[in-house]
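A.B. asks: Handing you a structure now.
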Amino acid sequence: MDYTKVAAPKISPVRLEELHDDDAPDFQRGERYDGVRFTRASADGEELSGADFIECEFNGVSFNEAQLRGATFRECVLSEPYAPVFAAARTSWQDVEISNPRWGSAELYEGNWRSVRIDGGKLDYVNLRGSKLMDVRISDCIISELDLGGCTGTRIALKNCTIGTLDVTGAKFKDVDLRTTEFRGVNGLAGLAGVVIDDYQLSLMAPLLAGHLGIRVV
């Protein structure tokens, strides 16, 4: 068996056609938005729980303190989304591309992600605790704290990212590739089962692993 092989995420490309522009949207709770392009719009503080965004494009949209609990994003593209507080717990993301997000505290716990790609950006705290993640790729991103505690993850790749603290307490992973990503601290080391790392990462983690196993190095 070749233990160096890891299945890559299966990311479906998002192709949006015949969108109509809405530069001054009237966002509403539980509404469905289909085939809309939002450019430099503000959803700050809006109540959008349970809203459905289908085949939509967001360009520089601000979601600060918008209530997105239980919302759905399907076949969407988000470019430079902004939110010091991104309140999006229990959201569903399917066939979504996100580029250069600027999120402070991103509350995304208990969500469902399938075929999601994040490229670039700077995120302070990303809370994905208890989420179900399948076919997710995050690349060239700076994340101060990534909380994957209690997650179920299949075919996930973190490429060329810098992560301050990675929490995988109680996570269940299969085909999760962390190679080329730098992380300074890891919580819940037992949750790394099913993860692929490189030799350099292993050398950095050696003291953590020794402490976890009760090994004394003298």
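A.B. asks: In percent, what relative contact order does region 44-91 have, based on Cα pairs under 8 Å that are 6 or more apart in sequence?
C.D. replies: 42 percent
A.B. asks: Tell me, what is the Rg over Rh of region 87-137, with Rh the Kirkwood radius over Cα pairs? Mind showing how you got there, number by number?
C.D. replies: Numbers: Rg = 10.2 Å, Rh = 11.0 Å.
Answer for region 87-137: 0.93.
A.B. asks: Oh, and also: Could you tell me whether region 118-201 comes out rounded, prolate or oblate from its Cα gyration tensor? Rule is a ≥ b ≥ c as square roots of the eigenvalues, rounded for a/c under 1.5, then prolate if a/b exceeds b/c, otherwise oblate. Could the numbers behind the result be given before it?
C.D. replies: Working: a/c = 1.26, a/b = 1.18, b/c = 1.07.
Because its axes are fairly even, with a/c under 1.5, region 118-201 counts as rounded.
A.B. asks: Search the structure for amide H atoms under 5 Å from the amide H of Ser99, placed 1.01 Å from N in the peptide plane, and list their residues when 5 or more places away or on another chain.
C.D. replies: Amide H to amide H, under 5 Å and 5 or more residues apart or across chains, Ser99 pairs with Leu78, Ser79, Glu80, Asp119.
A.B. asks: Something else: Determine which lysines satisfy two conditions relative to Lys159: a Cα distance under 16 Å, and not lying fewer than 8 residues away in the same chain.
C.D. replies: In chain and number order, the partners are Lys5, Lys10, Lys122.
A.B. asks: Which order do you get for Glu17, Glu46 if you rank them by accessible area with a 1.4 Å probe, largest at the top? Please list the in-between numbers first.
C.D. replies: On the way: Glu17 140, Glu46 65 Å².
Highest to lowest solvent-accessible surface, that is Glu17, Glu46.
A.B. asks: So if I place +1 on the C-beta of Lys and Arg and -1 on the C-beta of Asp and Glu, and nothing else carries charge, what would the dipole magnitude of the chain be about its Cα centre? I want it in debye, nearest 20. Display every interim value, and only then the final one.
C.D. replies: Details: 24 positive and 34 negative charges, 235 e Å.
My answer is approximately 1120 debye.
A.B. asks: Using Cα-Cα distances under 8 Å and only pairs 6 or more residues apart, what relative contact order does region 1-97 have, in percent?
C.D. replies: On the way: 250 pairs, mean separation 22.4, N = 97.
Across region 1-97, relative contact order equals 23 percent.
A.B. asks: If you take the square roots of the eigenvalues of the alpha-carbon gyration tensor of region 19-70 and sort them as a ≥ b ≥ c, do you get rounded (a/c under 1.5), prolate (a/b over b/c) or oblate? Mind showing how you got there, number by number?
C.D. replies: Numbers: a/c = 1.97, a/b = 1.22, b/c = 1.61.
Note, shape of region 19-70 comes out oblate.
A.B. asks: List the lysines whose Cα lies under 17 Å from the Cα of Lys172, skipping any in the same chain that are fewer than 8 positions away.
C.D. replies: Lys132
A.B. asks: Could you work out the relative contact order of the chain, using alpha carbon pairs under 8 angstrom and six or more residues apart, expressed as a whole percent? Kindly include the intermediate steps, with their values, before the conclusion.
C.D. replies: Numbers: 695 pairs, mean separation 26.4, N = 218.
After rounding, I find 12 percent.
A.B. asks: For the residue pair Arg40 and Val14, what label-to-label distance in nm results when each label sits 7 Å from Cα along the Cα-to-beta-carbon direction?
C.D. replies: 2.1 nm
A.B. asks: Next question, about the same structure. Assuming 0.36 nm per residue, please report the length gained on full extension of the stretch Ser79 to Leu189 beyond their Cα-Cα distance.
C.D. replies: Working: separation 110, 0.36 × 110 = 39.60 nm, distance 3.37 nm.
My answer for the length gained is 36.2 nm.
A.B. asks: For the chain, I need the span (max minus min coordinate) of the C-alpha atoms along each principal axis, in Å, sorted largest to smallest.
C.D. replies: 65, 33, 23
A.B. asks: A follow-up question, please. Could you work out [θ]222 nm for the chain from helices alone, using -39500 (n - 2.57) per DSSP H run of at least four and dividing by all its residues? Round to the nearest 500 deg cm²/dmol. Mind showing how you got there, number by number?
C.D. replies: Working: 1 runs with 15 residues, N = 218.
Taking each H run of at least 4 residues, the total per residue is -2500 deg cm²/dmol.
A.B. asks: Of all accessible surface on region 59-201 at a 1.4 Å probe, what whole percent is carbon and sulfur?
C.D. replies: On the way: 2420 of 5530 Å².
Exposed carbon and sulfur together represent 44 percent of the surface.
A.B. asks: Which shape class applies to region 60-154: rounded if a/c is under 1.5, otherwise prolate when a/b exceeds b/c and oblate if not, where a ≥ b ≥ c are the square roots of the Cα gyration tensor eigenvalues? Numbers along the way, then the final one.
C.D. replies: Working: a/c = 1.19, a/b = 1.17, b/c = 1.02.
Rounded shape, in that the Cα axes give a/c under 1.5.
A.B. asks: Could you tell me how many degrees, from 0 to 90 and to the nearest 10, lie between the Cα long axis of helix 199-213 and the main elongation axis, the longest principal axis, of the Cα atoms of the chain?
C.D. replies: Taking Cα atoms only, the helix is inclined about 70 degrees.
A.B. asks: If you add up the charges near Leu178, with Lys and Arg at +1 and Asp and Glu at -1, over every other residue whose beta carbon is less than 10 angstrom from its beta carbon, what do you get? Write down the numbers at each step before the final one.
C.D. replies: Values: positive: Lys159, Arg179; negative: Asp177, Glu182, Asp198.
It works out to a net charge of -1.
A.B. asks: Go through region 104-113 residue by residue and turn each phi into a ³J(HN,Hα) via Karplus (6.51, -1.76, 1.60, θ = phi - 60°); whole Hz please, and just put x for glycine and proline.
C.D. replies: These are the phi-based 3J(HN,Hα) values: x, 9, 9, 8, 10, 5, 6, x, 10, 10 Hz.
The values are calculated or read from the model by the stated rules, or taken from the named source; none is laboratory data. These numbers were taken from a predicted model, which means no experiment stands behind them. So basically every Cβ, Gly included, is an ideal-geometry build from the backbone, and we count neighbours across all protein chains shown. Just the protein is used for accessible areas: all its heavy atoms, side chains included, with ligands, DNA and RNA removed. Shrake-Rupley method; radii C 1.70, N 1.55, O 1.52, S 1.80 Å.
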